[in-house]
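We did not get these values from a lab; they are worked out from the coordinates using the rules stated. Keep in mind that this is a model prediction, so the values were computed, not measured. Here Cβ is always computed from backbone atoms with ideal geometry, including for glycine, and neighbour counts include all displayed protein chains.
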Amino acid sequence: MFFFKLLSYLPLRVLYILSDLVYPIVWKWIGYRKEVIHQNIENAFPEKSESERSQIIAMFQRNLLDFIVETIKLMTISKEELNSRLSVSNPEVILDYFNNNQSMLLTASHQFNWEWMVTFGRTTLGYPFTSVYRPLRDNFFDRLAIVIRTRFGGKLITSDELIEDLKNNPESTAYSMVMDHVTSKHHYWTTFLSQETLFDTSIDYLAKTLDMPVVYPKLQKVKRGFYSVELIPIGEPPYEQGLTLLPRFIEEIEKSIREQPETWLWSHRRWKYKRI
């Protein structure tokens, strides 16, 4: 933890030089998750040529290393610098909910840099934001995630604590969750990125149980070290029966990925489950 904090004091321009220096070590020599990345991108974009897919892979690899140093930088970055690097194009979408004393769900995807996005509520808007997360298996990285996500006064709870927290929370809050990976026993099969994919149905369950609107924070990389967020409404009460929010969420994240495929987390074993 001390070593990472020392690193975080370096300016981002220096951290990006470090990212460039370790690039050949991680990808050329170690070959971190090389087969997983190549297979995921090949399956997701069968219509693209081999050279196009190779370009996506190379750009993703550089973005992943940048994501790591940017996340480390969160340990000491100032609010002013972070706000200058991450902009929200339409904050009124969630400000209207806050002004009406309405809590909401922000359902994100693993697009870079989602760790910066998690902090924007406190730093940019100044409203209560709570990160809902799944504890990591590695104790060190779990502690690191807690330090980073709570640094600007944000609150961190597990998904099992969400309903109880909402009941006991007297103020309107935005609960942010990264929800493009499978995390529960409630599953839904659909075609996503050209292949049969399993999704978690918690979006519909939580929104309808808690009677909360759902917003998708669409992240886009503007240039190195700079990101923009567009807040896209997914749904709001009153809700109809059945799965109505999840298909809309899936549609939006696939659109985002196809627009900037190099910014999504391809190193994750997203398709380890196969439909029988």
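Non-local amide H neighbours of Ser87 (under 5 Å, H modeled in plane, Pro and chain starts lacking H): which ones?
Correct list: Tyr227, Ser228, Val229.
For the chain, the longest stretch holding no GluC sites (Glu not before Pro) located in a DSSP loop with at most 15 other Cβ atoms within 10 Å is which?
For GluC sites (Glu not before Pro) (loop position, at most 15 other Cβ atoms within 10 Å), the longest site-free span of the chain is 48-170.
If the chain were replaced by its equivalent ellipsoid, with semi-axes equal to the square roots of 5 times the Cα gyration tensor eigenvalues, what would those be, largest first, whole Å?
Square roots of five times the eigenvalues give 29, 25, 17 Å.
Would you mind estimating how fast segment 55-129 diffuses translationally, via Stokes-Einstein at 20 °C and 1.002 mPa s with the Kirkwood radius over Cα pairs, in µm²/s?
Estimated via Stokes-Einstein, D reaches 153 µm²/s.
Could you tell me which trypsin sites (Lys or Arg not before Pro) in segment 115-224 are loop residues by DSSP with no more than 12 other beta carbons within 10 angstrom of their beta carbon?
When the trypsin sites (Lys or Arg not before Pro) of segment 115-224 are filtered for loop state and at most 12 Cβ neighbours within 10 Å, Arg137, Lys185 remain.
In nm, to one decimal, how far is the Thr158 label point from the Asn90 one, both placed 7 Å along Cα→Cβ?
Once both label points are built, they end up 3.6 nm from each other.
Using the Cα atoms of segment 159-276 to build a convex hull, what is its mean projected area in square nanometres?
Taking the Cα atoms of segment 159-276, their convex hull projects to 8.9 nm² on average.
Say we join alpha carbon atoms closer than 10 Å with springs in a Gaussian network model of the chain; which of Leu219, Leu243, Leu198 then has the biggest fluctuation?
With Cα springs under 10 Å in the chain, the top fluctuation among Leu219, Leu243, Leu198 is at Leu243.
Out of Asp211, Asp200, Asp160, any idea which swings most in a Gaussian network model of the chain, alpha carbons joined below 10 Å?
Evaluated over the chain, the most mobile residue of the options is Asp160.
With bins 10 Å wide starting at 0, give me the P(r) of segment 100-156 over every alpha carbon pair, in whole percents.
21, 55, 22, 3
Asn43 versus Ala58, label points 7 Å from Cα toward the beta carbon: distance in nm?
2.6 nm
Counting other Cβ atoms within 10 Å, keep those with at most 15, restrict to DSSP loop, and tell me which chymotrypsin sites (Phe, Trp or Tyr not before Pro) in segment 1-42 are left.
Answer by residue number: Tyr9, Tyr32.
Can you give me the long-range amide H partners of Ser176? Hydrogens built in the peptide plane at 1.01 Å from N, cutoff under 5 Å, separation of 5 or more residues or another chain.
Result for Ser176 returns Leu106, Thr130, Ser131, Val132.
Suppose R0 equals 35 Å; then what is the FRET efficiency for Arg248 and Asp20 from their Cβ-Cβ distance, rounded to the nearest 0.05?
Given R0 = 35 Å and the Cβ-Cβ separation, E is 0.35.
Karplus couplings for segment 263-274 from phi (6.51 cos²θ - 1.76 cosθ + 1.60, θ = phi - 60°), rounded to Hz, Gly and Pro as x?
Running phi through 6.51 cos²θ - 1.76 cosθ + 1.60 with θ = phi - 60° gives 9, 9, 7, 6, 7, 7, 7, 5, 10, 6, 8, 10 Hz.
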